[in-house]
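Engineer: Just passing along the structure, written as C-alpha coordinates.
The values are calculated or read from the model by the stated rules, or taken from the named source; none is laboratory data. Since the structure is predicted, the reported quantities are computational estimates derived from the model, not experimental observations. Cβ placement follows ideal geometry from the backbone for every residue including glycine, while neighbour counts extend to all protein chains displayed.
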Amino acid sequence: MKTNLSIRKLESNEDMRMVQGLEKQIWGENTVPTHQTYTASKNGGLVIGAFDQQELVGFSYSFPGFANGKTYLCSHMLGVHPNYQLLGIGKMLKDEQRKLAKEIGYDLLTWTFDPLESRNGYLNLTKLYGISTTYLENCYGEMEDGLNKGLPSDRLQVEWWISSERVEDAWTPKLPNYDRPFAVGQSEKGNPMMEVHLEEIPSSSEGIEVPIPNNIQFIKKDEPELALDWRMKIRAVFQSLFGAGYALVGLKKSDTDVHYYQFIKRTMIPLHIKQEENSNDYTRD
(Lines give C-alpha, C1' and ligand atoms only; values in the text may rest on other atoms or scores of the structure.)
Protein backbone atom coordinates (compact mmCIF):
# COMPACT_ATOMS: atom_id res chain seq x y z
CA MET A 1 0.00 0.00 0.00
CA LYS A 2 1.44 3.34 -1.05
CA THR A 3 0.47 6.23 1.19
CA ASN A 4 1.13 9.92 1.51
CA LEU A 5 1.55 10.06 5.27
CA SER A 6 1.86 13.14 7.43
CA ILE A 7 2.41 13.54 11.18
CA ARG A 8 1.15 16.34 13.39
CA LYS A 9 0.42 17.20 17.00
CA LEU A 10 -3.25 16.78 17.99
CA GLU A 11 -4.76 19.47 20.21
CA SER A 12 -8.44 20.18 19.48
CA ASN A 13 -11.55 18.44 20.76
CA GLU A 14 -12.25 17.31 17.20
CA ASP A 15 -8.78 15.77 17.07
CA MET A 16 -9.52 13.82 20.26
CA ARG A 17 -12.79 12.51 18.81
CA MET A 18 -10.84 11.21 15.81
CA VAL A 19 -8.43 9.46 18.18
CA GLN A 20 -11.33 7.88 20.05
CA GLY A 21 -12.83 6.65 16.78
CA LEU A 22 -9.53 5.02 15.79
CA GLU A 23 -9.22 3.44 19.24
CA LYS A 24 -12.56 1.71 18.68
CA GLN A 25 -11.40 0.32 15.35
CA ILE A 26 -8.20 -1.07 16.89
CA TRP A 27 -9.24 -2.30 20.35
CA GLY A 28 -13.01 -2.10 20.64
CA GLU A 29 -15.34 -0.03 22.77
CA ASN A 30 -13.21 0.63 25.88
CA THR A 31 -11.76 3.97 24.80
CA VAL A 32 -10.10 6.80 26.70
CA PRO A 33 -12.58 9.67 27.29
CA THR A 34 -11.93 12.63 25.01
CA HIS A 35 -11.96 15.03 27.97
CA GLN A 36 -8.98 13.09 29.38
CA THR A 37 -6.88 13.16 26.19
CA TYR A 38 -7.76 16.82 25.59
CA THR A 39 -6.82 17.84 29.15
CA ALA A 40 -3.55 15.92 29.00
CA SER A 41 -2.63 17.59 25.71
CA LYS A 42 -3.03 21.01 27.38
CA ASN A 43 -1.03 20.13 30.50
CA GLY A 44 2.32 18.71 29.51
CA GLY A 45 1.08 15.69 27.60
CA LEU A 46 1.33 14.90 23.90
CA VAL A 47 -1.18 13.47 21.47
CA ILE A 48 0.23 12.91 17.98
CA GLY A 49 -1.52 11.68 14.84
CA ALA A 50 -0.48 10.06 11.58
CA PHE A 51 -2.67 10.90 8.59
CA ASP A 52 -3.23 9.49 5.13
CA GLN A 53 -4.71 12.52 3.40
CA GLN A 54 -7.35 13.61 5.96
CA GLU A 55 -7.82 10.20 7.57
CA LEU A 56 -6.27 9.49 10.97
CA VAL A 57 -4.49 6.13 10.66
CA GLY A 58 -2.25 6.13 13.75
CA PHE A 59 -1.82 7.96 17.03
CA SER A 60 0.20 8.12 20.23
CA TYR A 61 -1.07 9.44 23.56
CA SER A 62 1.11 10.44 26.51
CA PHE A 63 0.74 12.37 29.76
CA PRO A 64 3.13 13.72 32.44
CA GLY A 65 4.45 11.48 35.19
CA PHE A 66 6.42 12.18 38.35
CA ALA A 67 8.39 9.86 40.65
CA ASN A 68 11.44 10.14 42.91
CA GLY A 69 11.82 13.85 42.20
CA LYS A 70 11.85 13.27 38.45
CA THR A 71 9.36 14.45 35.83
CA TYR A 72 8.95 12.23 32.78
CA LEU A 73 6.47 11.61 29.98
CA CYS A 74 4.31 8.49 30.27
CA SER A 75 3.59 7.22 26.76
CA HIS A 76 0.37 5.36 27.44
CA MET A 77 -1.00 4.33 24.04
CA LEU A 78 0.19 3.88 20.47
CA GLY A 79 -2.16 2.47 17.86
CA VAL A 80 -2.14 2.01 14.10
CA HIS A 81 -5.15 1.15 11.93
CA PRO A 82 -5.01 -2.55 10.92
CA ASN A 83 -4.85 -1.62 7.23
CA TYR A 84 -1.75 0.54 7.82
CA GLN A 85 0.39 -1.70 9.98
CA LEU A 86 3.92 -2.78 8.96
CA LEU A 87 4.47 0.55 7.18
CA GLY A 88 6.72 2.07 9.85
CA ILE A 89 4.02 4.36 11.23
CA GLY A 90 4.77 3.39 14.83
CA LYS A 91 8.39 4.46 14.38
CA MET A 92 7.29 7.73 12.74
CA LEU A 93 5.01 8.51 15.68
CA LYS A 94 7.72 7.76 18.24
CA ASP A 95 10.28 9.89 16.38
CA GLU A 96 7.88 12.85 16.39
CA GLN A 97 7.05 12.19 20.05
CA ARG A 98 10.74 12.28 20.91
CA LYS A 99 11.26 15.57 19.03
CA LEU A 100 8.30 17.30 20.67
CA ALA A 101 9.11 15.89 24.12
CA LYS A 102 12.64 17.32 23.92
CA GLU A 103 11.20 20.71 22.94
CA ILE A 104 8.98 20.67 26.04
CA GLY A 105 11.95 19.71 28.25
CA TYR A 106 11.57 15.98 28.90
CA ASP A 107 14.57 13.65 28.80
CA LEU A 108 12.80 10.44 29.85
CA LEU A 109 9.77 8.70 28.38
CA THR A 110 8.30 5.47 29.73
CA TRP A 111 5.70 3.00 28.54
CA THR A 112 4.86 -0.67 28.79
CA PHE A 113 4.57 -3.53 26.31
CA ASP A 114 3.92 -7.26 26.33
CA PRO A 115 7.29 -9.07 26.38
CA LEU A 116 5.85 -11.89 24.25
CA GLU A 117 4.97 -9.53 21.38
CA SER A 118 8.18 -9.67 19.36
CA ARG A 119 7.18 -6.89 16.95
CA ASN A 120 6.79 -4.43 19.84
CA GLY A 121 10.04 -5.58 21.41
CA TYR A 122 11.92 -5.00 18.16
CA LEU A 123 10.52 -1.47 17.79
CA ASN A 124 10.98 -0.39 21.40
CA LEU A 125 14.46 -1.78 21.97
CA THR A 126 16.24 -2.32 18.67
CA LYS A 127 14.83 0.54 16.59
CA LEU A 128 14.17 3.17 19.29
CA TYR A 129 17.07 2.21 21.62
CA GLY A 130 14.94 1.98 24.73
CA ILE A 131 15.91 -0.29 27.61
CA SER A 132 14.02 -2.20 30.27
CA THR A 133 14.89 -3.34 33.79
CA THR A 134 11.35 -3.63 35.18
CA TYR A 135 8.94 -6.57 34.81
CA LEU A 136 5.33 -5.94 35.87
CA GLU A 137 3.26 -9.03 36.69
CA ASN A 138 -0.34 -8.97 35.43
CA CYS A 139 -0.03 -5.21 35.10
CA TYR A 140 -3.59 -4.45 33.97
CA GLY A 141 -5.38 -7.47 35.40
CA GLU A 142 -7.56 -9.60 33.14
CA MET A 143 -7.98 -8.03 29.70
CA GLU A 144 -10.69 -9.04 27.24
CA ASP A 145 -9.57 -7.50 23.94
CA GLY A 146 -8.46 -9.77 21.12
CA LEU A 147 -4.72 -9.26 21.50
CA ASN A 148 -4.57 -9.64 25.28
CA LYS A 149 -7.36 -12.06 26.19
CA GLY A 150 -6.29 -15.40 27.64
CA LEU A 151 -2.99 -14.53 29.36
CA PRO A 152 -1.98 -12.55 32.45
CA SER A 153 -1.24 -9.00 31.29
CA ASP A 154 2.48 -9.05 32.14
CA ARG A 155 4.39 -6.04 30.85
CA LEU A 156 7.90 -4.71 30.48
CA GLN A 157 8.41 -1.07 31.39
CA VAL A 158 10.53 0.79 28.86
CA GLU A 159 12.90 3.61 29.74
CA TRP A 160 13.58 5.82 26.73
CA TRP A 161 16.35 8.26 27.66
CA ILE A 162 15.84 10.48 24.63
CA SER A 163 18.86 12.76 25.23
CA SER A 164 21.31 10.02 26.20
CA GLU A 165 24.22 8.65 24.22
CA ARG A 166 22.33 5.36 23.96
CA VAL A 167 19.60 7.08 21.91
CA GLU A 168 21.42 10.05 20.35
CA ASP A 169 24.29 7.90 19.07
CA ALA A 170 22.23 4.74 18.48
CA TRP A 171 24.53 2.90 20.90
CA THR A 172 24.47 -0.90 20.86
CA PRO A 173 26.74 -3.32 22.72
CA LYS A 174 29.64 -4.69 20.65
CA LEU A 175 29.83 -8.17 22.09
CA PRO A 176 31.39 -10.99 20.06
CA ASN A 177 28.71 -13.41 21.26
CA TYR A 178 25.92 -13.93 23.78
CA ASP A 179 25.32 -16.89 26.05
CA ARG A 180 22.15 -18.87 25.31
CA PRO A 181 21.43 -20.86 28.47
CA PHE A 182 17.87 -21.84 27.48
CA ALA A 183 17.19 -24.66 25.04
CA VAL A 184 14.31 -24.46 22.58
CA GLY A 185 12.33 -27.56 21.67
CA GLN A 186 9.02 -28.27 19.95
CA SER A 187 5.60 -29.20 21.25
CA GLU A 188 3.63 -32.11 19.80
CA LYS A 189 2.01 -29.63 17.43
CA GLY A 190 5.36 -28.29 16.30
CA ASN A 191 5.28 -24.99 18.19
CA PRO A 192 8.41 -23.72 19.97
CA MET A 193 8.78 -24.35 23.69
CA MET A 194 11.53 -23.27 26.09
CA GLU A 195 13.31 -25.32 28.72
CA VAL A 196 14.25 -23.26 31.79
CA HIS A 197 16.62 -24.02 34.66
CA LEU A 198 17.17 -20.74 36.47
CA GLU A 199 20.17 -22.05 38.36
CA GLU A 200 22.00 -22.38 35.03
CA ILE A 201 21.91 -18.65 34.23
CA PRO A 202 25.56 -17.48 34.11
CA SER A 203 25.61 -14.53 36.54
CA SER A 204 28.96 -13.25 35.26
CA SER A 205 28.07 -13.30 31.57
CA GLU A 206 28.54 -10.08 29.58
CA GLY A 207 25.52 -10.84 27.42
CA ILE A 208 22.62 -13.30 27.51
CA GLU A 209 20.03 -14.09 24.84
CA VAL A 210 16.57 -15.34 25.79
CA PRO A 211 14.19 -16.84 23.19
CA ILE A 212 10.56 -15.86 22.67
CA PRO A 213 8.16 -17.17 20.02
CA ASN A 214 7.97 -15.05 16.90
CA ASN A 215 4.14 -15.34 16.86
CA ILE A 216 2.58 -15.67 20.30
CA GLN A 217 -0.89 -14.91 18.92
CA PHE A 218 -0.80 -18.06 16.80
CA ILE A 219 0.31 -20.14 19.78
CA LYS A 220 -2.50 -18.67 21.92
CA LYS A 221 -5.03 -19.99 19.39
CA ASP A 222 -3.27 -23.28 18.59
CA GLU A 223 -1.98 -24.25 22.07
CA PRO A 224 -3.25 -21.89 24.77
CA GLU A 225 -1.59 -23.94 27.53
CA LEU A 226 1.77 -23.53 25.78
CA ALA A 227 1.22 -19.78 25.50
CA LEU A 228 0.69 -19.66 29.28
CA ASP A 229 3.85 -21.75 29.74
CA TRP A 230 5.80 -19.14 27.75
CA ARG A 231 4.31 -16.36 29.87
CA MET A 232 5.30 -17.92 33.18
CA LYS A 233 8.79 -18.98 32.07
CA ILE A 234 9.59 -15.58 30.56
CA ARG A 235 8.34 -13.96 33.77
CA ALA A 236 10.70 -16.07 35.89
CA VAL A 237 13.71 -15.60 33.59
CA PHE A 238 13.33 -11.84 33.15
CA GLN A 239 12.81 -11.21 36.85
CA SER A 240 15.89 -13.27 37.64
CA LEU A 241 18.02 -11.37 35.10
CA PHE A 242 16.79 -7.96 36.21
CA GLY A 243 17.50 -8.91 39.81
CA ALA A 244 21.07 -9.79 38.83
CA GLY A 245 21.68 -6.32 37.33
CA TYR A 246 20.96 -7.07 33.69
CA ALA A 247 19.04 -4.75 31.37
CA LEU A 248 17.15 -5.61 28.21
CA VAL A 249 18.61 -3.73 25.23
CA GLY A 250 17.53 -5.43 22.01
CA LEU A 251 15.64 -8.08 20.13
CA LYS A 252 17.54 -10.13 17.56
CA LYS A 253 15.40 -11.59 14.80
CA SER A 254 16.09 -15.04 13.42
CA ASP A 255 14.81 -17.21 10.57
CA THR A 256 13.49 -19.79 13.03
CA ASP A 257 10.23 -19.80 14.99
CA VAL A 258 11.86 -17.87 17.87
CA HIS A 259 13.55 -14.49 18.19
CA TYR A 260 16.04 -13.59 20.92
CA TYR A 261 15.96 -10.82 23.52
CA GLN A 262 19.42 -9.50 24.38
CA PHE A 263 20.48 -8.68 27.95
CA ILE A 264 23.64 -6.94 29.15
CA LYS A 265 24.63 -5.42 32.49
CA ARG A 266 22.88 -2.07 32.96
CA THR A 267 26.16 -0.44 34.02
CA MET A 268 27.49 -0.97 30.48
CA ILE A 269 24.85 1.29 28.88
CA PRO A 270 25.67 5.01 28.32
CA LEU A 271 22.50 6.57 29.73
CA HIS A 272 23.90 9.91 30.90
CA ILE A 273 22.58 12.96 29.09
CA LYS A 274 24.92 14.45 26.54
CA GLN A 275 23.91 18.04 27.36
CA GLU A 276 26.13 19.34 30.16
CA GLU A 277 23.45 21.54 31.70
CA ASN A 278 21.18 18.54 32.37
CA SER A 279 23.81 16.18 33.70
CA ASN A 280 22.58 16.28 37.31
CA ASP A 281 18.91 15.62 36.59
CA TYR A 282 18.79 11.94 37.40
CA THR A 283 20.91 8.97 38.41
CA ARG A 284 20.74 6.33 35.72
CA ASP A 285 23.33 3.69 36.62
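Engineer: Conditions: (1) part of a strand (DSSP E or B); (2) out of contact with any strand residue (DSSP E or B) (no Cβ under 7 Å at 6 or more places or on another chain); (3) of a type in the set (D, E). E188 meets all but one. Number of the miss?
Structural biologist: Condition (1) is where E188 drops out.
Engineer: If you scan the stretch 160-206, which residues turn out to be touching a Leu at 6+ places or on another chain (Cβ under 9 Å), under 16 Å from S254 (Cα atoms) and without any contact (Cβ under 8 Å) to a residue 40 or more places away in the chain?
Structural biologist: Across the stretch 160-206, the qualifying residue is only M193.
Engineer: Right, here's the next one. What number goes with the only condition from (1) within 19 Å of the chain's Cα centre (by Cα); (2) over 19 Å from A101 (Cβ atoms); (3) crowded, with 21+ Cβ neighbours inside 10 Å; (4) of a type in the set (A, V, I, L, M, F, W, C) that V57 does not pass?
Structural biologist: (1) is the only condition that V57 fails.
So that you can scan it fast, the table gives a plain yes or no per residue for (1) assigned by TED's automatic domain parsing to the domain that holds Y72; (2) at pLDDT below 95; (3) in a helix (DSSP H, G or I):
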{"residue": "P115", "(1), (2), (3)": "yes, no, no"}
{"residue": "T133", "(1), (2), (3)": "yes, no, no"}
{"residue": "Y140", "(1), (2), (3)": "yes, yes, no"}
{"residue": "L156", "(1), (2), (3)": "yes, no, no"}
{"residue": "V196", "(1), (2), (3)": "no, yes, no"}
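Engineer: Can I ask one more? Kindly indicate whether any position in the stretch 22-30 is assigned to a strand (DSSP E or B), out of contact with any helix residue (DSSP H, G or I) (no Cβ under 6 Å at 6 or more places or on another chain), among the small types (G, A, S) and in the same structural domain as L156 (by TED's automatic domain parsing). Lay out the reasoning, then the answer.
Structural biologist: Within the stretch 22-30, the first condition is being assigned to a strand (DSSP E or B), and the residues that meet it are none.
Checked against the condition, which is being assigned to a strand (DSSP E or B), out of contact with any helix residue (DSSP H, G or I) (no Cβ under 6 Å at 6 or more places or on another chain), among the small types (G, A, S) and in the same structural domain as L156 (by TED's automatic domain parsing), the stretch 22-30 yields no hits at all.
Engineer: Within the stretch 59-69, is there a residue that is in contact with an Asp or Glu (Cβ under 7 Å, 6 or more places away or on another chain), in the same structural domain as L128 (by TED's automatic domain parsing) and of a type outside the set (A, V, I, L, M)? Steps first, answer last, please.
Structural biologist: Taking the stretch 59-69 first, the residues in contact with an Asp or Glu (Cβ under 7 Å, 6 or more places away or on another chain) are none.
Scanning the stretch 59-69 turns up no residue that is in contact with an Asp or Glu (Cβ under 7 Å, 6 or more places away or on another chain), in the same structural domain as L128 (by TED's automatic domain parsing) and of a type outside the set (A, V, I, L, M).
Engineer: Okay, moving on. Being touching a strand residue (DSSP E or B) at 6+ places or on another chain (Cβ under 6 Å) and loosely packed, with under 13 Cβ neighbours inside 10 Å is the filter here, so list the residues in the stretch 191-205 that pass it.
Structural biologist: P202
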